[in-house]
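In what follows, a structure is listed as structure tokens, so that the remarks can point back to it.
The values are calculated or read from the model by the stated rules, or taken from the named source; none is laboratory data. Just so we're clear, the structure is a prediction, and the values are computed from it rather than from any experiment. Heads up, the Cβs are rebuilt from the backbone with ideal geometry, glycines too, and the neighbour counts pull from every protein chain shown. What goes into the accessible areas is simple: the full protein's heavy atoms, side chains included, and nothing from ligands, DNA or RNA. Shrake-Rupley method; radii C 1.70, N 1.55, O 1.52, S 1.80 Å.
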Amino acid sequence: GRGQRAEGRGQIREVRFRIGCLVLGASLMAGGARAAAAADEIDEIIDRVLAVAGGYLIMQSDVMAARDLGLVSPGNASDPTREVLSRLIDRALVLAEVDRYAPPEPAADLVDRAVQAVRDRFATPQAMVLAMARVGMDDTHLRETLRQDLRIRAYYDQRFTVAPPGDEELGRYYREHPDTFTRNGALASFADVRQDIIQTILADRRRTLADEWIAGLRRRADIVDRYSSSVGK
């Protein structure tokens, strides 16, 4: 059936990915120029290599999977492929750091909930099966991707500790963002959304720190970025 074909396609893709990693791994140690040459050699083995970052290959099918399954949102970017690829490059660099420091493994039920959240984005189970088959991803690969995302989140929580906002800041945020807290045409009370405001401010602070950190990772990393808009969106 379709599920079996998707699983088989995912297994083939994993084998090809491992072959590509073996070919490219040694070249990465010699620097970006040889990595780019190795990427050229294996371009036909693994659909299309769009980038190499942090020792990870990022293929066109990875970008399609991240976009089509809702794992990465391109927002209103004029070039969605460019936006998703840039986010995946950042993710690869972060994962390399996460692997060095090994944060606690996420609980199985957290991974289960993340998988269910992806399923809920599709109108029917069949629609998800077709989407996964289209990008060559199977259930195991999806679960592993979401597990890594949870590891990244745990690492962020450990690394980027921020002070909680005070009452004055909470009140100012509430007053300056009324649309955010309007439900069915009515502004929710401050008491009802207080915890939401705290979490939003904390997330914004962590994101600012993380963006600065990732910018530093990019400056130090050997990144081979082979994408151009001609590849397609």
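Tallying residues that are touching a helix residue (DSSP H, G or I) at 6+ places or on another chain (Cβ under 8 Å), at pLDDT below 95 and of a type in the set (D, E, K, R) within region 99-120 yields 1. Of the residues making up region 62-114, just one is acidic (Asp, Glu), more than 23 Å from residue 224 (Cβ to Cβ) and within 14 Å of the chain's Cα centre (by Cα), namely 68. Summed over region 147-201, the residues that are under 25 Å from residue 100 (Cβ atoms) and either outside any helix (DSSP H, G or I) or among the aliphatic types (A, V, I, L, M) (or both) give a count of 6.
Inside region 83-109, can you point out the residues that are open to solvent by 70 Å² or more (accessible area, probe 1.4 Å) and part of a helix (DSSP H, G or I)?
Hits for region 83-109 are 87, 99, 100, 101, 109.
Of the residues making up region 110-143, those that are open to solvent by 40 Å² or more (accessible area, probe 1.4 Å), without any contact (Cβ under 8 Å) to a residue 60 or more places away in the chain and part of a helix (DSSP H, G or I) are 110, 112, 113, 116, 117, 119, 125, 143.
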